[in-house]
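The values are calculated or read from the model by the stated rules, or taken from the named source; none is laboratory data. Quick caveat: nothing in here was measured; it's all calculated off a predicted structure. Positions of Cβ are backbone-derived with ideal geometry, glycine not excepted, and every protein chain shown enters the neighbour counts. These accessible areas exclude ligands, DNA and RNA; they are computed on the full protein's heavy atoms, side chains included. Shrake-Rupley method; radii C 1.70, N 1.55, O 1.52, S 1.80 Å.
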Amino acid sequence: MIQMKNVMKQYDNGVIAIKDLSLSVDPGEFVYVIGSSGAGKSTFIKMLYHELTPTKGTITVGKYDFAKMDNKDVPLFRRELGIVFQDFKLLPRLTVYENVAYAMEVIEKDEDEIKPRVLHVLKLVGLEQKLRRFPNELSGGEQQRVSIARAIVNAPDVVIADEPTGNLDPDTSDGIMDILERINADGTTVIMATHNRELVNSRPHRLLEIAGGRLVRDEEGGAYGNEA
């Protein structure tokens with residue numbers, strides 16, 4: 001599903017954020033990505049959805065080989081991903097229903113397909129009673145649930161979640177994890193960057209630790225530990 005081979009990322013200011021990183025992720029895995037601030041974790045995540053491109057090395061996600069992708073292919077590639085951001089990135093003038101439906105509208109799905117699918121995913125994330133609310137009428141946890149619903153409405157093979165519980169209280173974070181694990185149980189590959197030690201330790205999955213731009217640990221069911 002995902003392969004990185006000898007990936008290096010150097011920014012224009014000379015900073016090398018990722019150094020000689022190689023890994024593979026199989027379909028259906030749930031993978032945590034951890035690392036302290038400045039370790040290279042955000043660069044790693046942004047390269048997965050082609051926000052950043054590697055200076056050296058190769059990245060393949062599904063059928064897309066980044067080295068062979070034209071700029072026109074990037075929007076098509078991202079349509080096959082679900083991306084969940086820490087700051088939600090909801091459209092403030094659209095309702096909950098409209099925010100989720102928009103993800104299907106941009107790929108020109110028919111309205112008779114959009115409505116049942118949107119209602120289904122809103123029920124999955126527990127927001128079927130709030131579909132006419134606007135983002136500013138929701139709690140942070142509810143906004144993140146909308147973000148997840150939007151990310152999964154087109155049934156992507158991969159969901160990339162960048163600190164999805166970063167601004168949420170522990171109980172709300174548990175609810176978000178319940179949803180992500182449910183999605184994963186249905187076969188979706190989930191890559192989740194997080195600083196949430198409690199979640200990582202209480203809900204073990206494969207763990208990748210990045211430090212100094214290098215992959216320093218790749219452990220199935222690994223604990224967060226004091227070193228990260």
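In this structure, is L138 more than 17 Å from the chain's Cα centre (by Cα) and crowded, with 17+ Cβ neighbours inside 10 Å? Answer is yes for this residue.
Out of M47, M4, M8, I need the residue that is more than 20 Å from the chain's Cα centre (by Cα) and open to solvent by less than 40 Å² (accessible area, probe 1.4 Å). Which one? Matching residue, one of M47, M4, M8: M8.
Is one or more of the residues making up the range 103-110 crowded, with 18+ Cβ neighbours inside 10 Å and of a type in the set (V, I, T)?
Within the range 103-110, the subset crowded, with 18+ Cβ neighbours inside 10 Å is 103-104.
Then drop every residue that is not of a type in the set (V, I, T), which leaves none.
No: the range 103-110 contains no residue that is crowded, with 18+ Cβ neighbours inside 10 Å and of a type in the set (V, I, T).
Residues of the range 1-43 that are out of contact with any helix residue (DSSP H, G or I) (no Cβ under 9 Å at 6 or more places or on another chain), more than 24 Å from G62 (Cβ to Cβ) and free of Cβ contacts under 8 Å to residues at least 60 places away in the same chain: Q10, D12, N13, G14, V15, S37, G38.
Quick one: is G126 open to solvent by 10 Å² or more (accessible area, probe 1.4 Å), at positive phi, in contact with a helix residue (DSSP H, G or I) (Cβ under 9 Å, 6 or more places away or on another chain) and not in a helix (DSSP H, G or I)?
Details: open to solvent by 10 Å² or more (accessible area, probe 1.4 Å): yes; at positive phi: yes; in contact with a helix residue (DSSP H, G or I) (Cβ under 9 Å, 6 or more places away or on another chain): yes; not in a helix (DSSP H, G or I): yes.
So G126 passes the test.
Would you mind stating whether A155 is under 16 Å from the mean Cα position of the chain (by Cα) and outside any loop (DSSP other than H, G, I, E, B)? No; evaluated as a whole, the condition is false for this residue.
The single condition from (1) among the aliphatic types (A, V, I, L, M); (2) modelled with pLDDT under 95; (3) over 24 Å from I179 (Cα atoms) that V84 fails is (3).
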